[in-house]
1. Looking at region 93-116, is at least one residue closer than 17 Å to G141 by Cα and modelled with pLDDT under 95?
2. With the condition kept exactly as written, say whether any residue in region 137-146 is exposed (fewer than 13 other Cβ atoms within 10 Å of the Cβ), outside the structural domain of F50 (by TED's automatic domain parsing) and of a type in the set (S, T, N, Q).
3. Check whether at least one residue in region 107-118 is surrounded by 15 or more Cβ atoms within 10 Å (Cβ to Cβ), in contact (Cβ under 8 Å) with a residue 40 or more places away in the chain and in contact with a helix residue (DSSP H, G or I) (Cβ under 7 Å, 6 or more places away or on another chain), and report yes or no.
4. Only one residue in V160, V133 is out of contact with any helix residue (DSSP H, G or I) (no Cβ under 9 Å at 6 or more places or on another chain) and either at pLDDT below 95 or in the same structural domain as A79 (by TED's automatic domain parsing) (or both), so which one is that?
5. Looking at this structure, is T119 more than 25 Å from A21 (Cα to Cα), of a type outside the set (A, V, I, L, M), part of a helix (DSSP H, G or I) and not assigned by TED's automatic domain parsing to the domain that holds L8?
6. Give me the helices (runs of 4 or more DSSP H) completely within region 1-106, filtered to those with at least 2 residues that are more than 17 Å from the chain's Cα centre (by Cα), surrounded by 12 or more Cβ atoms within 10 Å (Cβ to Cβ) and acidic (D, E), ordered by residue number.
7. If Y150 passes every condition in (1) within 20 Å of V61 (Cα to Cα); (2) modelled with pLDDT of 95 or more; (3) not small (G, A, S) but one, which one does it miss?
8. Within region 73-92, work out how many residues are at pLDDT below 95 and either on the phi > 0 side of the Ramachandran plot or not hydrophobic (A, V, I, L, M, F, W, C) (or both).
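The values are calculated or read from the model by the stated rules, or taken from the named source; none is laboratory data. Owing to the predicted nature of the structure, the values given are computational and were not obtained by experimental measurement. So basically every Cβ, Gly included, is an ideal-geometry build from the backbone, and we count neighbours across all protein chains shown.
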Amino acid sequence: MTFGLIWLVRLKPLPAAVLGAVSFVLLIEGYRIVSGWRGFFYAEPFQDTFTIIGVLAGPIVGLSAAFVRSGPASWKPLAAAPVAAVLIGEGVYGLTIVAATTSPVYWVLQIVLGIALATAGALAARPRTAPIVLGSLATAGGSAAFIGFYAWLGQLGSSV
């Protein structure tokens, strides 16, 4: 959602990075509030692990959206890579780790969107091969790192 919002409003890189962090944190806080309304405890305000992740990853997502939208064509595969990696990585994580408790539709949709974003970045850079290869490697490596990070977070949460 953060990527889509920033992409739609066509921000320059610096304001996009700031809005990326703010938007990401507000999405987490909105989830916390709605969870409370539903009778579920989520976390204390602004003290969740995902709040910290939002502060750190939000600017990257904002910059990604800004450069995918209006950056040089040769940058677009690398600009799309962080968000595409998260979409693909979370989709694969969902299908393999939490598949028993959730519908696969959401996870498959995430993978499809991630592949579509990476493909759009690659198509924008054509016929330049090096940015396409770098963007593809960054997306694949980022997806693997995301899966590993989420698995580590899951282990961290279960050991506390």
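1. yes
2. The answer is no, given that none of the residues of region 137-146 is exposed (fewer than 13 other Cβ atoms within 10 Å of the Cβ), outside the structural domain of F50 (by TED's automatic domain parsing) and of a type in the set (S, T, N, Q).
3. Within region 107-118, the first condition is being surrounded by 15 or more Cβ atoms within 10 Å (Cβ to Cβ), and the residues that meet it are 107, 110-111, 113-115, 117-118.
Still in the running and in contact (Cβ under 8 Å) with a residue 40 or more places away in the chain: 117-118.
From the residues that got through so far, the ones that are in contact with a helix residue (DSSP H, G or I) (Cβ under 7 Å, 6 or more places away or on another chain) too are 117-118.
Yes, some residue in region 107-118 is surrounded by 15 or more Cβ atoms within 10 Å (Cβ to Cβ), in contact (Cβ under 8 Å) with a residue 40 or more places away in the chain and in contact with a helix residue (DSSP H, G or I) (Cβ under 7 Å, 6 or more places away or on another chain).
4. Numbers: V133 fails: out of contact with any helix residue (DSSP H, G or I) (no Cβ under 9 Å at 6 or more places or on another chain).
After ruling out the rest, the residue left standing is V160.
5. Values: more than 25 Å from A21 (Cα to Cα): yes; of a type outside the set (A, V, I, L, M): yes; part of a helix (DSSP H, G or I): yes; not assigned by TED's automatic domain parsing to the domain that holds L8: yes.
It is true that T119 is more than 25 Å from A21 (Cα to Cα), of a type outside the set (A, V, I, L, M), part of a helix (DSSP H, G or I) and not assigned by TED's automatic domain parsing to the domain that holds L8.
6. Working: elements: 2-9, 13-37, 49-70, 76-96.
By residue number, no helices (runs of 4 or more DSSP H) qualify.
7. All conditions pass for Y150, except number (2).
8. Result for region 73-92: 2.
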